[in-house]
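**Student:** Just dropping this structure here.
The values are calculated or read from the model by the stated rules, or taken from the named source; none is laboratory data. Please read all numbers here as calculations on a predicted model, not as lab measurements. Here Cβ is always computed from backbone atoms with ideal geometry, including for glycine, and neighbour counts include all displayed protein chains.
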């Protein structure tokens with residue numbers, strides 16, 4: 001009998017033939033032993049598989065290692081299973097919820113029943129995991145019928161897994177086994193536990209089952225793991241750095257913002273210094289927008305519910321919004337504004353439009369409100385009320401790509417001015433397999449997606465493409481920015497939308513004197529002021545560029561005798577739009593300098609006897625020390641140049 005072969009296309013375009021049933025692990029071994037030792041999983045025709053899973057048809061294959069995001073995902077998912085195995089061994093009878101990989105490791109939600117468990121027990125679980133990992137137990141996948149799955153977890157007494165099985169179709173259920181542990185899981189997993197060389201369980205939190213506050217609260221254990229001990233050491237060092245830069249900690253120390261339970265969870269209160277920082281960010285972008293032809297508008301904080309029904313947002317996101325506000329009029333309901341775009345559509349509709357007016361660029365720093373569950377709230381990065389640097393461009397179809405490129409230029413200008421140099425543009429497209437998630441016609445989606453792909457290519461952006469990450473009304477370009485610690489954040493976004501103009505019946509009169517429908521581009525270079533500020537604080541560790549710092553100078557008189565001169569010096573700077581304060585405390589100059597350093601004031605101006613007699617000041621730069629003595633006029637000019645330089649001019 002002649003053995004049937006399959007053709008395997010590798011990422012470099014080369015095609016190899018293998019016997020039917022060959023696995024990705026065997027393909028890796030045929031290329032090199034070194035590669036085979038490092039393969040964690042494989043992407044087969046775009047779907048991530050176990051490396052041991054047999055392939056029985058012609059496919060494209062990408063071998064995944066620790067350097068690939070999907071490889072890390074499989075590694076951390078497998079580590080979650082290893083932790084669950086350790087927990088079952090240490091705490092007999094525990095019940096398991098879900099245990100996924102996340103961007104920074106993994107977690108498992110656990111019902112400990114009568115067992116006591118706290119953060120003090122994490123080290124014991126780590127040791128057990130390390131012991132099990134050394135056994136090099138293989139992760140084995142098996143298809144199982146729904147009735148068999150239900151029988152297994154009924155006998156085990158695990159109601160959480162039984163509830164998950166309820167929502168699965170017979171024929172689609174798989175179990176994974178390693179050592180003595182069996183779990184309901186789609187996979188994929190790494191070949192065996194021996195790949196997991198370094199483990200750290202990080203913290204314990206509460207998590208309601210399936211995110212429902214009316215359900216039981218489980219114990220969520222977070223962890224991270226690595227294939228080398230050195231990588232764990234580096235990660236823990238980075239974690240310590242991240243703690244020092246935590247925007248919640250620095251926001252309090254630098255007096256930028258606060259939260260109040262009486263005001264409400266997830267609703268930030270901006271303090272005077274934080275407000276000054278926020279105002280500088282908005283003024284900076286407003287000036288850039290004005291040069292780029294944007295017009296500012298203002299819309300209310302609430303809107304009639306029907307507005308969001310028309311836009312389609314209520315159907316998609318109604319459950320994540322605050323409950324409707326009822327008025328004395330029967331049947332009249334309003335929503336706290338969850339987004340600005342429907343309001344801007346109504347501004348466009350306020351009067352007839354001509355093709356000569358397009359593109360029409362409407363911009364607003366609009367505050368919106370979305371209900372986030374309390375467990376999801378996190379400082380300024382996840383809040384219930386936030387301000388978007390929102391703008392909507394209404395243009396003709398033939399203007400879409402040119403406008404998209406102009407928005408890319410604006411986003412890159414913002415990043416450069418704020419020191420974000422490492423970023424990737426994610427082209428977020430719809431998932432053709434899940435058409436029900438999106439609205440609109442295929443032709444419109446194809447046009448919109450082509451405009452984004454072409455614009456990104458023309459600008460030479462470093463891009464990745466993600467299916468299924470589009471907004472429900474259109475594709476988008478999301479900017480994934482790396483901060484000083486190498487962490488990735490999604491900040492600016494640009495979206496092409498053919499749907500809202502249709503839903504709101506937006507029109508313009510063309511050169512042919514006929515009615516036409518505009519295309520809408522949504523864009524927000526910051527994303528939201530709250531999230532952007534949080535990322536910026538952590539990126540620069542609270543040491544803001546001079547133009548942005550709320551307090552740019554501290555004038556430090558050596559003693560009270562020079563207080564009046566210090567005030568005169570400060571007045572000169574204040575007249576030249578440099579802000580700060582005079583430190584009149586009865587402290588030695590060394591203490592004043594140290595305190596200004598801790599407060600991350602960019603520059604200190606020392607005023608003593610010599611300076612007062614000569615009409616000069618000594619300037620110190622934060623973290624660098626003495627820059628010399630200048631006349632007040634020279635110092636003012638020095639600051640003008642430094643502010644321009646810090647803006648990238």
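**Student:** Taking the conditions exactly as written (in the same structural domain as residue 378 (by TED's automatic domain parsing) and not in a strand (DSSP E or B)), does residue 536 satisfy them or not? Break it down stepwise before answering.
**Tutor:** Numbers: in the same structural domain as residue 378 (by TED's automatic domain parsing): yes; not in a strand (DSSP E or B): yes.
Answer is yes for this residue.
**Student:** So, one more: Can you tell me how many residues within the stretch 577-591 are loosely packed, with under 13 Cβ neighbours inside 10 Å and within 18 Å of residue 638 (Cβ to Cβ)?
**Tutor:** 1
**Student:** Here is a check on your reading of the model: is residue 392 crowded, with 17+ Cβ neighbours inside 10 Å, under 27 Å from residue 438 (Cβ atoms) and outside the structural domain of residue 448 (by TED's automatic domain parsing)? Quick ask: steps written out before the conclusion?
**Tutor:** On the way: crowded, with 17+ Cβ neighbours inside 10 Å: yes; under 27 Å from residue 438 (Cβ atoms): yes; outside the structural domain of residue 448 (by TED's automatic domain parsing): no.
Spelling it out, it is not the case that residue 392 is crowded, with 17+ Cβ neighbours inside 10 Å, under 27 Å from residue 438 (Cβ atoms) and outside the structural domain of residue 448 (by TED's automatic domain parsing).
**Student:** Additional query: Taking the stated definitions as given, is residue 485 more than 23 Å from residue 451 (Cβ to Cβ), surrounded by fewer than 23 Cβ atoms within 10 Å (Cβ to Cβ) and in the same structural domain as residue 406 (by TED's automatic domain parsing)? Step through it out loud before you land on a result.
**Tutor:** Details: more than 23 Å from residue 451 (Cβ to Cβ): yes; surrounded by fewer than 23 Cβ atoms within 10 Å (Cβ to Cβ): yes; in the same structural domain as residue 406 (by TED's automatic domain parsing): yes.
In short, yes.
**Student:** Considering each residue of the stretch 94-141, count those that are farther than 22 Å from residue 72 by Cβ and either in a loop (DSSP other than H, G, I, E, B) or under 27 Å from the mean Cα position of the chain (by Cα) (or both), and give that number. Don't jump to the end; show me each part of the working.
**Tutor:** Here is the first cut: in the stretch 94-141, the residues farther than 22 Å from residue 72 by Cβ are 94-97, 110-121, 123-124, 127-128, 131, 135.
After this cut, where a residue has to be either in a loop (DSSP other than H, G, I, E, B) or under 27 Å from the mean Cα position of the chain (by Cα) (or both) as well, the list is 94, 97, 110, 112-118, 135.
Result for the stretch 94-141: 11.
**Student:** Separate question: Does residue 155 meet the test of being at pLDDT below 95, more than 30 Å from the chain's Cα centre (by Cα) and assigned to a helix (DSSP H, G or I)? Walk me through it before giving the result.
**Tutor:** Numbers: at pLDDT below 95: yes; more than 30 Å from the chain's Cα centre (by Cα): yes; assigned to a helix (DSSP H, G or I): yes.
Criteria met by residue 155.
**Student:** If you scan the stretch 220-264, which residues turn out to be part of a loop (DSSP other than H, G, I, E, B) and under 22 Å from residue 529 (Cβ atoms)?
**Tutor:** If we filter the stretch 220-264 for residues that are part of a loop (DSSP other than H, G, I, E, B), which is where we start, we get 227-228, 246, 254-256, 259-264.
246, 254, 255, 256, 259, 260, 263, 264 - these are the residues of the stretch 220-264 that are part of a loop (DSSP other than H, G, I, E, B) and under 22 Å from residue 529 (Cβ atoms).
**Student:** Based on this model, can you work out whether residue 370 counts as buried (at least 17 other Cβ atoms within 10 Å of the Cβ) and within 19 Å of the chain's Cα centre (by Cα)? Don't jump to the end; show me each part of the working.
**Tutor:** Values: buried (at least 17 other Cβ atoms within 10 Å of the Cβ): yes; within 19 Å of the chain's Cα centre (by Cα): yes.
In short, yes.
**Student:** Out of the residues in the stretch 396-419 that are crowded, with 21+ Cβ neighbours inside 10 Å and within 23 Å of residue 515 (Cβ to Cβ), which is modelled with the lowest pLDDT?
**Tutor:** Among those residues, the one meeting the criterion is 400.
**Student:** Taking the condition over 25 Å from residue 540 (Cβ atoms), surrounded by 13 or more Cβ atoms within 10 Å (Cβ to Cβ) and touching a residue at least 40 places away in the same chain (Cβ under 8 Å), does residue 309 pass? Before you say what the answer is, go through the steps one by one.
**Tutor:** Numbers: over 25 Å from residue 540 (Cβ atoms): yes; surrounded by 13 or more Cβ atoms within 10 Å (Cβ to Cβ): yes; touching a residue at least 40 places away in the same chain (Cβ under 8 Å): no.
Against the criterion (over 25 Å from residue 540 (Cβ atoms), surrounded by 13 or more Cβ atoms within 10 Å (Cβ to Cβ) and touching a residue at least 40 places away in the same chain (Cβ under 8 Å)), residue 309 does not qualify.
**Student:** I've got another one for you. Specify the residue that is farthest from residue 544 (Cα to Cα); the eligible residues are those in the stretch 468-487 that are in contact with a strand residue (DSSP E or B) (Cβ under 6 Å, 6 or more places away or on another chain) and in contact (Cβ under 8 Å) with a residue 60 or more places away in the chain.
**Tutor:** Quick first cut of the stretch 468-487, residues in contact with a strand residue (DSSP E or B) (Cβ under 6 Å, 6 or more places away or on another chain) only: 469-471, 473-482.
Keeping just the survivors that are in contact (Cβ under 8 Å) with a residue 60 or more places away in the chain gives 473, 477, 479, 481-482.
Values: 473: 37, 477: 27, 479: 21, 481: 17, 482: 17 Å.
For the stretch 468-487, the residue satisfying everything is 473.
Residue by residue, here is whether (1) over 21 Å from residue 227 (Cβ atoms); (2) without any contact (Cβ under 8 Å) to a residue 24 or more places away in the chain; (3) in a helix (DSSP H, G or I) holds:
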position	(1), (2), (3)
16	yes, yes, no
27	no, no, yes
30	yes, yes, yes
34	no, yes, yes
37	no, yes, yes
43	no, no, no
52	no, no, no
63	no, no, no
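**Student:** Here's a follow-up. Considering only residues of the stretch 285-306 that are within 27 Å of the chain's Cα centre (by Cα) and part of a helix (DSSP H, G or I), which is surrounded by the most Cβ atoms within 10 Å (Cβ to Cβ)?
**Tutor:** Only one residue fits best here, namely 285.
**Student:** Continuing with the same structure: Of everything in the stretch 203-239, what is touching a helix residue (DSSP H, G or I) at 6+ places or on another chain (Cβ under 9 Å) and within 28 Å of residue 37 (Cβ to Cβ)? Give them in sequence order.
**Tutor:** Across the stretch 203-239, the qualifying residues are 223, 224, 225, 226, 227.
**Student:** Taking the criterion of being outside any loop (DSSP other than H, G, I, E, B) and farther than 28 Å from residue 343 by Cα, would at least one residue in the stretch 388-408 satisfy it?
**Tutor:** Residues of the stretch 388-408 outside any loop (DSSP other than H, G, I, E, B): 388-395, 397-408.
The next check asks that each one be farther than 28 Å from residue 343 by Cα; those that pass are none.
Among the residues of the stretch 388-408, not one is outside any loop (DSSP other than H, G, I, E, B) and farther than 28 Å from residue 343 by Cα, which makes the answer no.
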